[in-house]
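Derivation of every value follows stated rules applied to the coordinates shown; laboratory data play no part. None of these values were measured; they are calculated from a predicted model. Backbone-built Cβ (ideal geometry, glycine too); neighbour counts: all protein chains shown.
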Amino acid sequence: MTIRTALTVLLSVAAIIFSPLGVAEQMQRFGQYELHYIVIPTTMLKPEIAAEYDISRGKDRALVNVSVLNREKKAINATIIGDSQNLLGQLQDLDFKQVTEGDAIYYLAEIRFADQEVHRIQIEATAPDGKSTLLKFNQKLYWAE
């Protein structure tokens, strides 16, 4: 099993298992594109997968995974920027790293958080043709061992 396959399976399982906690894949359309996103605890990643992608595992860390698909449902390169802010106004820039494996392209960023903390997450995605979208959502994050 390749790292890509393992990560894809992990994210799919995470979406199913943790959907009652508000962790599920979501999508926003803009023009001919779809912005897919998911936020999961980093403790769900196996240590070897986290090491491969230089992701810090910890009960106080979550992983934001974003991808942009065209109308043919093919992943495309995009410019992704964003930030996360807790209810106290503490701001974290999201440092997205692009990961490309075969036809898959996704962008990963980490968030540090306190247990049961709500974060206001903003992500701006810009496609190569200049079409962009601003995604805003709230996510309550829980410590996971």
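Oblate is the label for the stretch 22-145, because a/c, from the alpha-carbon gyration tensor with a ≥ b ≥ c as root eigenvalues, is 1.5 or above and a/b does not exceed b/c. Counting Lys and Arg as +1 and Asp and Glu as -1 over every other residue whose Cβ lies under 11 Å from the Cβ of ASP83, the net charge comes to -1.
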